[in-house]
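The values are calculated or read from the model by the stated rules, or taken from the named source; none is laboratory data. Bear in mind that the values here come from a model prediction, so they are computed numbers and not experimental data. Reconstructed Cβ throughout: ideal geometry from the backbone, glycine too, with neighbour counts over all protein chains shown.
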Amino acid sequence: MFLIKEISNYFVKDVGIDLGTANSLVYVKGKGIVINDPSITAINNKTGQVVAIGEDARKMLGRTPSHISIIKPLVNGVISDFEMTQEMLRHFFKRLNGERAFNYFRAVIGIPPNLTEVERKSVEDAVISAGAAKAYLIEEPVAAAIGARLPIKEAVATMIVDIGGGTIDIAVISMGGTVISKSLKTAGDKFNDDIVKFIRDEFKLIIGEPTAEELKKTIGSAIPLNERLEMPIRGRGVSSGLPVEVIVKNNQIRAALNRSLHIIVDNIKEIIEQTPPELVGDILKRGIYICGGGSLLKGIDQLIAKEVSVPVTVVDDPLTAVVRGTGVAAENLDEYDPIFVTALKPLDINT
């Protein structure tokens, strides 16, 4: 019996996957997080071959010749290019296999809440067609709460805000299920777009997404800071078309992000207003937990706390909270089976 179990463990790999708009992470049972790559692929338009995936493709962003296209297969948390998503997942599974010829993958995948049945099915199909034998879907806020070791199975409210690259997922969780949730498209990528637009309008300078991302990370903030930060950037002048360098200050980036940040705050307030009164009391007592790459924006927790009048905590290692949650679920499939999102079964018209 022990030998059969050992053989089973050798060939069966239980994995947790955070298929994010900006980054995709993979957790392997017994090993932890083994893959953390940008969700980007590069394809040769002449041959149809995939040139690069992940970090190698990210380095090509904005620097490719006309016959190579950089594709982000996930937009706003939803698969926009099925084939490229499949190729990316197949690449990940191949890396997990190493030299081994065969593995039986069971995958737990995080998905945004409120996806349509078609969108859920596309995620499941992409994972299975990439090489997994079984796919389990779990809502990302629930996975993030599990990853942060929050008591989601108890009869108390856990409010979590996952600020990702493509979506912001806001959810109130109690007794192992989502009481109310909402997904916004005002997320990390929208922040970058706001910065690109602001720099173009304010400085008459065209910059790319990587520069906007660097500005956001280095000097971006949600509230006024005690110190003055600035950063030199280079781009193409709107009128001259020639290279130009300007100095950008932190208060300018804050102004660029202001509108999107207040949309986030307003939606958090809206979710709280729609939450049952007893659970609102729990939220006031226990606070709001935030995670995802956007939670690393300087002062965003303080802004939400001030506007909503509720304590806000950034979870430990917020970038990996979702994949850690899918990993915990993958390691305990039977225990977390009631939490998985199940696809609706088609009606049998013959019965």
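Only one of the listed residues (223, 199) is in a loop (DSSP other than H, G, I, E, B) and either more than 21 Å from the chain's Cα centre (by Cα) or free of Cβ contacts under 8 Å to residues at least 60 places away in the same chain (or both). That residue is 223.
The single condition from (1) in contact with a strand residue (DSSP E or B) (Cβ under 7 Å, 6 or more places away or on another chain); (2) surrounded by fewer than 18 Cβ atoms within 10 Å (Cβ to Cβ) that residue 59 fails is (1). Taken together, 137, 150, 89 contain a single residue that is assigned to a helix (DSSP H, G or I) and either aliphatic (A, V, I, L, M) or in the same structural domain as residue 335 (by TED's automatic domain parsing) (or both), which is 89. For the stretch 153-175, taking the residues that are in a loop (DSSP other than H, G, I, E, B) and within 22 Å of residue 124 (Cα to Cα), the one that is modelled with the lowest pLDDT is identified as 166.
Within the stretch 35-56, being part of a loop (DSSP other than H, G, I, E, B) and surrounded by 13 or more Cβ atoms within 10 Å (Cβ to Cβ) holds for 39, 40, 54. Residue 133 falls short on exactly one of the conditions (1) surrounded by fewer than 23 Cβ atoms within 10 Å (Cβ to Cβ); (2) in contact (Cβ under 8 Å) with a residue 60 or more places away in the chain; (3) of a type outside the set (D, E, K, R), and that condition is (2). Would you confirm, using the coordinates I've provided, whether residue 240 is out of contact with any strand residue (DSSP E or B) (no Cβ under 6 Å at 6 or more places or on another chain), among the small types (Gly, Ala, Ser), free of Cβ contacts under 8 Å to residues at least 40 places away in the same chain and not assigned by TED's automatic domain parsing to the domain that holds residue 203? No; evaluated as a whole, the condition is false for this residue.
Note on the stretch 187-196: residues that are over 19 Å from the mean Cα position of the chain (by Cα) and either more than 25 Å from residue 290 (Cα to Cα) or surrounded by fewer than 20 Cβ atoms within 10 Å (Cβ to Cβ) (or both) total 1. Take the residues in the stretch 94-110 that are at pLDDT 90 or above, of a type in the set (A, V, I, L, M) and out of contact with any Phe, Trp or Tyr (no Cβ under 6 Å at 6 or more places or on another chain); name whichever of them is nearest to residue 20 (Cα to Cα). That would be 109. For the stretch 110-129, the criterion of being assigned to a loop (DSSP other than H, G, I, E, B), free of Cβ contacts under 8 Å to residues at least 60 places away in the same chain and under 15 Å from residue 24 (Cβ atoms) is met by none of the residues.
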